[in-house]
Amino acid sequence: MAEADTLHDAFIDELHDIYDAEHQLTKALPKLAKTASAAPLRDAFESHLRETQGHIKRLEQVFTTLEEKAEGKHCAGIAGIIEEGKSVMEKSFDDATMDACLIAAGQRAEHYEMAAYGSLIAWARAMGHDEAADLLQENLDEEKAADTKLSSLAEGGINEAAAELAQADDETADADEPSARKSATTKAKSRH
């Protein structure tokens, strides 16, 4: 009978997963920054890119403390989140709406990473890998700070600007509605 995998095996597997996720994000964050129209949002994505590069270095330190090879295992979860973000960037939203959507996409990635780091830290502490847990905690703290920054930008005007544009668009559509209805009525009468 084959020997069952242990929590240590799951821990190493998850480390490989988050290592790949961070690498994927180093490619996605510049695209988010380039698409952002609000300078503070662009700056937040660029700043988090630098942090993400630091996360990779810390993860490499974690692998070293565990005497494991630093390598990634394809992270399908973050790949899906990145793909959703790409599809948003292909839309023809107004600038404020695009920025609001970019924040949502960024926060999806942050929440995924926060969940992964939270589990990894708990497992590391349970197994007595305190040095690894401390390094992982630094990454988690930066992920939480990035999420807070994105929330601050959303609540600090970006969402409101997008909502105002949506309301203005709705009002324009409502104003055009009677003439559209009249035009449809005229067309219907002319067919008879």
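Rule-based calculations on the coordinates, nothing more; no lab input. All of these numbers come straight from a predicted model, not from anything done at the bench. With ideal geometry, Cβ positions are generated from the backbone for all residues, glycine too; neighbour counts draw on all protein chains shown.
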Open item on the list: Just checking my list (1) 16.9; (2) 10.8; (3) 19.3 against mean projected area of the Cα convex hull in nm² computed from this structure; which label fits?
Closed with: (1)
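By count of other Cβ within 10 Å, fewest leading, how are 158, 56 ordered? Intermediate results must be reported in sequence, preceding the final value.
Working: 158 26, 56 18.
Fewest-to-most Cβ neighbours within 10 Å comes out as 56, 158.
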TODO: Would you check the chain for Lys pairs whose C-alpha atoms are within less than 22 Å, ignoring same-chain pairs closer than 8 in sequence, and give me the count?
DONE: 19
TODO: Could you line up 103, 12, 78 from fewest to most neighbouring Cβ atoms inside 10 Å?
DONE: 12, 78, 103
Task: Distance from the range 78-149 to the range 52-76 (C-alpha centre basis), Å - done: 16 Å
